[in-house]
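Below: one structure, written as structure tokens.
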Amino acid sequence: MRNVIYAINLTLDGCCDHTKFNPDEETHEYFTHLLRDEADLLVFGRKTYQLMVPFWPDAAKDPSSTKSDVEFAQTFVSKKKLVFSRSLASAEDKNTRIVRANLRDEILKLKQEPGKSILVGGVDVPSQLMELGLIDEYRFVVMPIIAGKGRRLFEGVNLPEKLQLKLGESRTFKSGSLLLRYLKQ
């Protein structure tokens, strides 16, 4: 069975609004490795998808992009993507499929299919998956920044009961960012 991994970078004060901070090169390298080696499907809601596309496809072709940005962008572009949306009329890239079906049923079906892990990003879809108990692993890169404003991780999440996780890995990056990998028990 495939795992569902929720991965995101955020600030010390829980801000996950990527317009409020810029991840460093090592963070990009970490997420590039995660995308390239561990996942073969990316799952987003419409808002996150529209932040990622066309930004990353454009970055892959931009000569002013950093090496780590280009590597992440190329890896991102190469992956299959699934977008849960009722309002998105069409996808901007050929590797994207829009799903209007039930989130729970679709993810359960995908977990049964052969393949690598399913990587979930953003806030709304992961929050719903968390409430449904469908996230197997959480990977957070916490940056040494206090944003002071912006959307916070897990705002509005309503769990039926406390979710106890097990620390699977922690690592400090040169920048002072901290990778925290938690596993569902």
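The values are calculated or read from the model by the stated rules, or taken from the named source; none is laboratory data. On a predicted model such as this, the values are computed, not experimentally measured, just so you know. So basically every Cβ, Gly included, is an ideal-geometry build from the backbone, and we count neighbours across all protein chains shown. Only protein heavy atoms, including side chains, enter the accessible area calculation; ligands, DNA and RNA are left aside. Shrake-Rupley method; radii C 1.70, N 1.55, O 1.52, S 1.80 Å.
A few notes on this one:
- Cross-link reach is defined here as a Cα-Cα straight distance under 15 Å, omitting same-chain residues fewer than 8 places apart; for residue 111 the aspartates and glutamates meeting it are 38, 40, 136, 137.
- At a probe radius of 1.4 angstrom, the accessible area of the chain per residue rounds to 53 square angstrom.
- When the Cα gyration tensor is reduced to axis lengths a ≥ b ≥ c, the ratio a/c stays below 1.5 for the chain, which is therefore classed as rounded.
- Mean separation of Cα contacts under 8 Å, 6 or more apart, over the residue count of segment 23-117: relative contact order %: 33 percent
- Point-to-point label distance, residue 104-residue 185, nm (Cα→Cβ direction, 7 Å offset): 2.4 nm
- Segment residue 116-residue 161, extension gain: residue separation times 0.36 nm, minus the distance between their alpha carbons: 13.3 nm
- Share of carbon and sulfur in the accessible area of segment 27-169 stands at 51%, probe radius 1.4 Å.
- Restraint check, 81/162; 67/94; 80/116, Cα-Cα greater than 19 Å: 81/162; 67/94
- Entry note, the chain: relative contact order of 35 percent, from Cα contacts under 8 Å with a spacing of 6+ residues.
- Between segment 155-181 and segment 8-64, the Cα center-to-center distance that results, in Å: 18 Å
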